[in-house]
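Some notes on the structure that comes next.
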Amino acid sequence: MPQISIVVPCFNESEVIETFHATLIQVLETTGKTWELCYVDDGSSDHTRAHLQELASADHRTRYTSFSRNFGKESAMLAGLRMSRGDAVILMDADLQHPPALIPRMLELHGHGYDQVVAQRDRAGEGIVRTRLSRAYYRLVRRFMDVEVIDGAGDFRLLSRRAVTALLSLPENNRFSKGLFSWIGFDSIGFTYENVQRAAGQSKWGGRRLLNYGIDGLLSFNSRPLRMAIHGGLWLFLSALFYALWIVVNVLVDGVETPGYATLITVIVALSGVQIATLGIIGEYVGRIYCESKRRPHYVIRETDASEASDASESG
Ligand code: UDP
Ligand code: MG
C-alpha cells in the first residue's frame, strides 16, 4: 500500500493535465514517500480520458477511472476516494490552482497527528463582486448549518485513512463535501496560501452552477430553513390577527371607513409570496427525499484501470 494517494477529479482538463502531472510527480519524488495517483475523468468531452489512459499505462502508480458522463465534482471526488489506498489521501484540482508545492507542508502537519490538513486559499485576484458574494454566503451558511464551513477552505486537503473511511461511510446521494468534511470531525488544522489563477482551460463554475451549489449546501445539512418557514408563517399569522383586531376596533370607534382595497391586496400578495417560498423549501426537501429514496449510485463507470480498488464500482 502506498503512503500517499492523490485524488484528482478532472473534467475537460486536457489542456493542463500533462503539466499538472509532471509538476505533481516532481513534488512527490521529493517527499521520499511511496505514492499513487488516482485520477477520475468526470465524463470529459475533450481528450482528458486519452491523456489519463496514457499516463496510467506509462506508470503503474498512476491509475484512473472514467465516468460514462459528467456526474459532477462531488461524485468524482467520491470515486477517487474509493479508489485510493494510501494512509493519507490528498484531494486536489487538476488546474494547478491547488499548488502541488504545498504537499510537503501538508504531510508535515499530518505527521503532527492531524487527520485533516486544509489548505485555505485567500481570495487574491478574484473579482470584488464574487468575493463579497462568497463572504455573505459563508456568513449565511454558518448561521444555518450545524456544521462549520470556512470560507476559502475548499477541497484541497489531506485526509487520514480513518477520515476517508468515515467519509465513505456516509451514504447520502446529495453530497456537499464542505459540510461532510466538517461533519466527520477529527482534529483538523488549516493554513492559508495565496490564490493562484487556473493554469489553462476554463473554470466549470459559472454563476448558475455556483448558485445551485450554494443552495445544495444550505439545504443538505439540516431542516432549519423549514423551521424558519414555520416561524415566519406563525409570526405573519399573529400580525394578521392583530391587524384584524385593529380594524374591528377602528370600525367600532369611527364607524365604517372607506374600503381598504389597497391594504387587502398588499396583504394577500405578501402572504402568497411567503406561501410560495415556503412551498418551495418544502418541495426542495421532498425532492431530496425522492432522490435519496431511489438509491441510485453516485456515478456510472465507463472504464477503469483500478480494478483492485475493492469498491470502485459499488453503488450507494
Ligand atoms: N471538476 C469535475 N467535474 C465537474 C466540474 C469540475 O471533476 O463537473 C473538476 C475540475 O476538473 C477541476 C476541479 O473540479 O479539477 C475544480 O474545477 P474548476 O477549476 O473548474 O473550479 P474553480 O477552480 O473555478 O472553482
Ligand atoms: Mg479551478
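A94: within 16 Å of ligand 1 (Cβ to nearest atom), touching a residue at least 12 places away in the same chain (Cβ under 8 Å) and small (G, A, S), yes or no? Considered against the rule, which asks whether it is within 16 Å of ligand 1 (Cβ to nearest atom), touching a residue at least 12 places away in the same chain (Cβ under 8 Å) and small (G, A, S), A94 comes out as yes. Determine, yes or no, whether L211 is assigned to a helix (DSSP H, G or I) and exposed (fewer than 12 other Cβ atoms within 10 Å of the Cβ). Criteria not met by L211. Suppose the filter is at pLDDT below 80, surrounded by 15 or more Cβ atoms within 10 Å (Cβ to Cβ), closer than 25 Å to R296 by Cβ and away from ligand 2 (no atom under 16 Å from the Cβ); does L218 pass it? Considered against the rule, which asks whether it is at pLDDT below 80, surrounded by 15 or more Cβ atoms within 10 Å (Cβ to Cβ), closer than 25 Å to R296 by Cβ and away from ligand 2 (no atom under 16 Å from the Cβ), L218 comes out as yes. Total residues in segment 26-81 satisfying the condition of being part of a strand (DSSP E or B) and over 24 Å from P99 (Cβ atoms): the figure is 3. If we scan segment 198-221, do we find a residue that is away from ligand 1 (no atom under 16 Å from the Cβ) and free of Cβ contacts under 8 Å to residues at least 40 places away in the same chain? No - not one qualifying residue is present in segment 198-221. For segment 124-145, a residue qualifies if it is part of a loop (DSSP other than H, G, I, E, B) and surrounded by fewer than 16 Cβ atoms within 10 Å (Cβ to Cβ), and the qualifying residues are A124, G125, E126, G127.
Considering the conditions (1) touching a Gly at 6+ places or on another chain (Cβ under 8 Å); (2) within 16 Å of ligand 2 (Cβ to nearest atom); (3) modelled with pLDDT under 85, A119 is excluded by exactly one of them, (3).
The set of residues in segment 17-46 that are farther than 23 Å from R82 by Cα and surrounded by 22 or more Cβ atoms within 10 Å (Cβ to Cβ) is empty. Annotation: of all residues in segment 107-123 being crowded, with 19+ Cβ neighbours inside 10 Å and closer than 23 Å to V16 by Cα, the one that is nearest to ligand 1 (Cβ to nearest atom) is R121.
Screening Q53 against (1) within 16 Å of ligand 1 (Cβ to nearest atom); (2) polar (S, T, N, Q); (3) surrounded by fewer than 19 Cβ atoms within 10 Å (Cβ to Cβ) leaves a single unmet condition, (1). Kindly list the number of the only condition in (1) within 16 Å of ligand 2 (Cβ to nearest atom); (2) of a type in the set (A, V, I, L, M); (3) within 22 Å of the chain's Cα centre (by Cα) that fails for L24. Status for L24: all satisfied but (3).
Looking only at residues in segment 61-70 that are surrounded by fewer than 21 Cβ atoms within 10 Å (Cβ to Cβ) and under 15 Å from P297 (Cα atoms), the one that is nearest to ligand 2 (Cβ to nearest atom) is N70.
Within segment 148-185, the residues that satisfy the criterion of being part of a loop (DSSP other than H, G, I, E, B), aliphatic (A, V, I, L, M) and at pLDDT 85 or above are L170, I184. Scanning segment 1-25 for residues that are part of a loop (DSSP other than H, G, I, E, B) and not aromatic (F, W, Y) turns up M1, P2, Q3, N12, E13, S14, E15, V16.
The values are calculated or read from the model by the stated rules, or taken from the named source; none is laboratory data. Only a predicted model underlies this, so the values are computations on that prediction, with no experimental measurement involved. Cβ coordinates were reconstructed from backbone atoms using ideal geometry, including for glycine residues, and neighbour counts include every protein chain displayed.
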